[in-house]
Amino acid sequence: MSAAQWPPRRADLPTAPGHVTMRRPTDLEALTGIRSGKPSFYPEYRNSAERLRRVIHALDQISAALVRTVEGSGALVRAVVAAAADHLSARWVVFALVEGQMPDAEPRHLVRGPGGAEVADWAAVPEEIRTHVRAVLTGDFSDEDHHGQVRGQHAHVPVTLGGTIVGGFAVWTGADREIDATDESVMRILAGQTAVALHNCALYQRGERLLHRSEQLREQSRRHAEDLAERNAQLQRTQDELFLARQHQVLDEERHRIARELHDSVTQFVLSAGMQIEVCRGELADPRLVDRLDSAKELTRRAVEQLRSAIYALSGDDRNDQGLPAMLERLPGVHMPDDLRVEVHIGGHPVALPAGAEQSLFRVAGEALFNTAVHARARRAVVRLSYRKDRVVLSVSDDGRGRPDEVRRGMRAAGRCPSGEHRGLANIQARARDLGGTMTLTKSRLGGLQLQVTVPLPVQCRPAGHPAGAPG
């Protein structure tokens with residue numbers, strides 16, 4: 001034995017008498033299970049390898065189809081039908097669900113014809129296939145249908161879920177494709193997994209709908225909460241406004257009550273005291289007593305002026321931003337005697353005036369009404385405010401006893417007037433001059449006196465021509 005033959009092969013070793021030599025299997029036989037001694041081992045190997053390849057490919061397609069659960073039942077059904085058609089090279093594939101089973105799954109049946117196209121026209125579907133679809137839809141299964149059947153080029157596999165038949169798979173192949181037991185196993189795997197996947201798909205879709213509904217409810221709750229918060233805020237603002245309005249109303253009522261009492265009682269008493277002082281002054285000859293009575297008269301006059309200022313302050317309010325027309329509209333409701341009826345008329349298009357000018361005109365109207373109420377014994381008074389192109393005209397007319405000529409003479413002797421009534425007219429005249437306007441006294445159409453103040457536009461307010469704090 002040469003060195004090239006070392007180590008010796010088992011076949012070259014001598015054997016003892018009676019010893020049986022065991023044959024070593026070839027590599028091909030060990031890998032495929034096919035004995036190399038059979039003449040047909042290679043065709044069998046090729047058929048087995050082809051079946052294995054088809055099974056692996058089919059399982060791969062089934063896996064790819066079943067992972068489309070989240071896309072909906074329609075995509076899932078089409079994917080598994082395509083996998084079955086591809087695995088069996090089928091001419092016709094049918095998938096159908098029993099009526100009432102798996103109600104969330106759509107479509108309820110699907111027919112795939114030659115070329116891989118879905119067939120919706122029943123006239124183009126062979127009668128055998130239509131009959132099969134109707135049987136599955138109605139749940140009219142034979143014993144063979146319950147367990148599945150394989151006949152050469154046709155196979156039917158029921159789709160079951162929890163032991164209940166919910167549908168069926170059926171395929172028809174061509175003459176060159178025989179359906180064997182391996183194909184049937186693949187179909188059963190596909191049918192079983194399809195039922196589970198459709199059930200999971202229904203659960204997923206229900207979960208998605210519940211999640212969407214939950215999000216809608218959460219969004220509605222958020223909007224309702226925001227709306228409720230806004231309504232609560234509006235309600236709170238309204239309550240605050242009502243509270244402030246009530247406070248203003250109470251304050252206004254109290255201020256007007258005090259103004260009326262000052263006008264109807266205190267002012268009248270002071271004026272009466274001044275008139276009695278004047279009567280006594282005319283009956284005395286002692287210069288010292290006359291001087292003291294003059295001082296007392298001056299004090300009563302100043303008291304009347306201060307009372308008038310207080311009455312105007314109490315009768316007004318802090319809402320002067322409403323403008324002169326609104327301020328005048330409130331005049332009839334403050335410190336007027338019950339037997340004096342006051343009317344207010346606004347004419348023309350109101351224009352904004354300086355705050356000082358509006359306050360002065362308001363004081364003019366108040367002073368004129370005060371004189372009408374105290375001295376003219378009038379029963380009716382009319383306040384007119386007219387806005388014209390180049391001027392503003394304010395007039396106060398009454399039906400009292402005042403006469404223009406007498407009032408003018410009295411104004412010239414205002415310092416000797418016992419009641420001080422013409423002192424107020426002098427203040428009105430001074431206010432008119434301060435606004436660059438004029439004051440006139442004429443006979444009223446009502447029968448009494450008409451006082452009119454005319455102010456040119458634009459208003460040029462000049463420094464006041466009467467002492468600060470004097471009543472208006």
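The values are calculated or read from the model by the stated rules, or taken from the named source; none is laboratory data. Given the structure is predicted, the values throughout are model-derived calculations rather than measurements. Note that each Cβ is placed from the backbone with ideal geometry, even for glycine, and that neighbours are counted across all protein chains shown. Surface areas here come from the heavy atoms of the whole protein model, side chains and all, with no ligands, DNA or RNA. Shrake-Rupley method; radii C 1.70, N 1.55, O 1.52, S 1.80 Å.
A few comments on the model shown:
- Dipole magnitude for the stretch 78-223: computed about the Cα centre from +1 point charges on Lys and Arg Cβ and -1 point charges on Asp and Glu Cβ, it is near 860 debye.
- Mean Cα-pair separation over length for the stretch 168-327, i.e. relative contact order, pairs under 8 Å, 6 or more apart, %: 21 percent
- Peptides ranked, highest mean first, by Cβ atoms within 10 Å: ranges 117-127, 177-187, 79-89, 200-210: 79-89, 177-187, 200-210, 117-127
- Summary of packing: across the peptides 257-265, 434-442, 447-455, the per-residue average of other C-beta atoms within 10 Å ranks them, highest first, as 447-455, 434-442, 257-265.
- Sorting the segments 95-104, 396-405 by their mean number of nearby beta carbons within 10 angstrom, highest to lowest, gives 396-405, 95-104.
- Candidate residues H212, H256: accessible-area rank, largest first, probe 1.4 Å: H212, H256
- The order of E283, E219 by accessible area, most exposed first and with a 1.4 Å probe, is E283, E219.
- Residues F243, F362, ordered by accessible area of protein heavy atoms at a 1.4 angstrom probe radius and largest first, appear as F243, F362.
- Once C-alpha pairs closer than 8 Å and six or more residues apart are averaged by separation and normalised to the residue number of the stretch 95-206, the relative contact order reads 25 percent.
- Surface composition of the stretch 232-314: carbon and sulfur atoms hold 60% of the protein heavy-atom accessible area at a 1.4 Å probe.
- The residues of the stretch 238-283 expose, per residue, 70 Å² of accessible area to a 1.4 Å probe.
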